[in-house]
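J.: Before I ask anything, here is the structure I am working with.
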Amino acid sequence: MTIAVAAPAVVILPRLARAGLPTVHYAMQRVPEDFVYRARNWAEPYGVHVAGTVSPSGVQSMQALLSGRSDLADSGSGPALSAFGHASGALVIVAATHSGGQRHELMVKPGASYKSLADLKGKRIAMPVGSGAYIIFELYLKEKGWKNSDFLIVNMKPGDMGSALASGQIDAALVWEPTPSILVTKGIAKVIQSFGEVSSDPSLLIARKAFVEKHRDAVVRVLASMIDMYRFIKTDPTGAGKLAAKVAGESGASVSPAAFTRAFNHMTFDMHITKADTAALERVGDFMVREHKIAKVPDFGKLIDPEPLRLAFTMAKAKEKH
């Protein structure tokens, strides 16, 4: 769970900044809602300019935050906890981006006879080692009393899983949305198990604490723009799927709107950090301590700053009335 240096592609959203507000640099990922956020200038009605970068994983988005290249970052729980250990007191959680263990799906070839993870003992399962999907996998093994060595784990990037399944290089793959939906809608894979019962596994929106303290109004406005975006996804997942597919196509990827719509329906979008979310984060932290990935579980009561999100909901509601 080391924080690796990466050079993410820059995606500059249209500029309309309000006087006195800084540009907010946002390290996004290739997760479904970030495709939608890139599709429109959601921040424009709030008079703030967002400059986005797209990272291949939460590890790289957190590196952008730790290095000061970004002010906000979208990350899964594992990379986030690792980053907290590297920068004690420098980072703060301002919201959740999405959650739900059901977005982590175990896939096999369409004609395979496997029905669940229990059928895959001794088989080759691809997953990004150290990711949220990997941690979900480990937590599930603990619940069942199984061992990691009961399976042949292949460390693999999500983008390589489709061809590896088709060629027989692996027997199964475990990864988060939108990869499962992309492979299912293309007929490359079928899902045999998801992990909603294991953990809510929230992904987090994390900020540099110093930036929030100095530019709280700008952060609130960005959060308000995200509230609008999530409301759109929840009320019109088909329309959101079309927007996301358009952005994916512009970057050279062929993803159908149906794939994104399916992904949205397998995810939970509630920007609040609930008690269940905090408990899930603590479980991840306990696991990472046992695996010697982090020294201790952080105090989430001190890490979470709920005030910007509270103000953002008030601002978004006021905009909606007008």
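The values are calculated or read from the model by the stated rules, or taken from the named source; none is laboratory data. Source: prediction; values computed, not measured. Positions of Cβ are generated from backbone atoms using ideal geometry, with glycine treated the same way; all protein chains shown enter the neighbour counts.
J.: Among the residues in the range 126-141, are any assigned to a strand (DSSP E or B) and of a type outside the set (Gly, Ala, Ser)?
T.: yes
J.: I need the full set of residues from the range 29-60 which are modelled with pLDDT under 95 and among the aliphatic types (A, V, I, L, M), in order please.
T.: Within the range 29-60, Val31, Val54, Val59 meet the criteria.
J.: May I pose another question? Residues that are surrounded by fewer than 17 Cβ atoms within 10 Å (Cβ to Cβ) and at pLDDT 90 or above: list the helices (runs of 4 or more DSSP H) wholly contained in the range 246-322 that include at least 3 such residues.
T.: It comes to 275-290, 307-321.
J.: Moving to a separate point now. Can you say whether Val92 is in the same structural domain as Lys234 (by TED's automatic domain parsing), within 25 Å of Tyr37 (Cβ to Cβ) and surrounded by fewer than 23 Cβ atoms within 10 Å (Cβ to Cβ), as far as the supplied structure shows?
T.: Judged against the criteria, Val92 is a match.
J.: Return the residue satisfying two criteria in turn: it lies in the range 25-37 and is buried (at least 23 other Cβ atoms within 10 Å of the Cβ) and more than 12 Å from the chain's Cα centre (by Cα), and of such residues it is nearest to Ala248 (Cα to Cα).
T.: Looking at residues that are buried (at least 23 other Cβ atoms within 10 Å of the Cβ) and more than 12 Å from the chain's Cα centre (by Cα), I get Val36.
J.: While we're looking at this one, here's another question. When you check Ala164 against the structure, is it modelled with pLDDT of 90 or more and surrounded by fewer than 23 Cβ atoms within 10 Å (Cβ to Cβ), yes or no?
T.: yes
J.: Somewhere in the range 113-124, is a residue farther than 24 Å from Ser149 by Cβ, out of contact with any Phe, Trp or Tyr (no Cβ under 9 Å at 6 or more places or on another chain) and outside any helix (DSSP H, G or I)?
T.: No, because not a single residue in the range 113-124 is farther than 24 Å from Ser149 by Cβ, out of contact with any Phe, Trp or Tyr (no Cβ under 9 Å at 6 or more places or on another chain) and outside any helix (DSSP H, G or I).
J.: Follow-up. Let me spell it out: the conditions are (1) surrounded by fewer than 21 Cβ atoms within 10 Å (Cβ to Cβ); (2) assigned by TED's automatic domain parsing to the domain that holds Ser82; (3) part of a helix (DSSP H, G or I), and Val184 meets all of them except one. Which number is the exception?
T.: (2)
J.: I need the full set of residues from the range 104-147 which are surrounded by fewer than 23 Cβ atoms within 10 Å (Cβ to Cβ), of a type in the set (S, T, N, Q) and in contact with a strand residue (DSSP E or B) (Cβ under 8 Å, 6 or more places away or on another chain), in order please.
T.: Ser116
J.: Taking interchain pairs and intrachain pairs at least six residues apart, which have beta carbon atoms under 8 angstrom, with the first residue in the range 74-103 and farther than 22 Å from Phe264 by Cα and part of a strand (DSSP E or B) and the second basic (Lys, Arg) and modelled with pLDDT of 95 or more?
T.: What qualifies is Leu91/Arg208; Leu91/Lys209; Val92/Arg208; Val92/Lys209.
J.: Mind checking which pairs have a first residue in the range 311-322 that is under 16 Å from Val94 (Cα atoms) and a second that is aromatic (Phe, Trp, Tyr) and modelled with pLDDT of 95 or more, Cβ under 8 Å, 6 or more apart or different chains?
T.: Within 8 Å, the pairs are Met315/Tyr46.
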